[in-house]
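Each value in this text was obtained by applying a stated rule to the coordinates, not by laboratory testing. Just so we're clear, the structure is a prediction, and the values are computed from it rather than from any experiment. We place every Cβ from the backbone using ideal geometry, glycine too, and count neighbours over all the protein chains shown.
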Amino acid sequence: MAFLHSLVKAEMKRKSGWCAPVELGDAAPHYVNFVLPLDEDGVFFREYTCETIAVKEDGSKEIDSHKLIRQGEDSFILRLGARDVWFTVRAVPNKERRLSYVGNLGHDDFASLFVEVEPEKPKELDRLYDERKTFIIGCEPFTHYAGIERLVELPAKPALAGK
């Protein structure tokens, strides 16, 4: 199933498109854009996987998977328990509407063109954090993006006892 992704616009290899913020290092902007891949016919899928990350009271983090479901032509609903977060296609010039992934990481969706979506009510994302300590991340990169370990130092795995 295709994912909602949190990517940034960038120019890489003399081509404008999307890449993961980690690929830009210190040059990465402080914000991300939510983007959806299109199918091979250039249309939206009926539903997408969307992951959230919640910060627990003990400081640990929990990743949950949800469905972002298409509603009509250019609207999508993300149901998070009793809370619904609506996304709509961002109005941009046609030449910027469908952009490819231009980074170097691997994911099945990266062969597709992407269209940017934005929350209908951006303050809902703040409320989600304030009330539930939850962020919408789309696709958790350390789990799903091949090659990310080359770009960031991941914590060392604990040694096995007796070895």
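Using only Cα positions of region 5-150, each an equal point scatterer, no hydration layer, compute I(q)/I(0) via Debye at q = 0.08, 0.14, 0.20 Å⁻¹ and quote the log10 values to two decimals.
Debye curve over Cα of region 5-150, log10 I(q)/I(0) at q = 0.08, 0.14, 0.20 Å⁻¹: -0.22, -0.69, -1.40.
Sort 24-32, 100-108 by packing, meaning the average of other beta carbons within 10 Å per residue, with the highest value first. Working shown, then result.
Numbers: 24-32: 10.3, 100-108: 17.9.
So the order, starting with the most tightly packed, is 100-108, 24-32.
Can you pull the one-decimal nm distance between simple spin-label points at Lys123 and Lys9, each 7 Å off the Cα toward Cβ?
Placing both labels 7 Å along Cα→Cβ, they lie 2.6 nm apart.
Run down the lysines and flag those whose C-alpha is under 23 Å from the C-alpha of Lys133, throwing out any fewer than 8 positions away in its chain.
Cα-Cα hits under 23 Å: Lys56, Lys61, Lys67, Lys121, Lys123.
Kindly write out, for region 100-112 in residue order, the coupling ³J(HN,Hα) from the Karplus curve 6.51 cos²θ - 1.76 cosθ + 1.60 (θ = phi - 60°), rounded to whole Hz, with x marking Gly and Pro.
3J(HN,Hα) across region 100-112, in whole Hz: 8, 7, 10, x, 10, 7, x, 6, 3, 5, 5, 7, 9.
Using a Förster distance of 35 angstrom, determine the FRET efficiency expected from the C-beta separation of Leu38 and Lys61, and round it to 0.05. All intermediate terms of the calculation are to be shown ahead of the outcome.
Values: r = 31 Å, r/R0 = 0.87.
So, using R0 = 35 Å, E works out to roughly 0.70.
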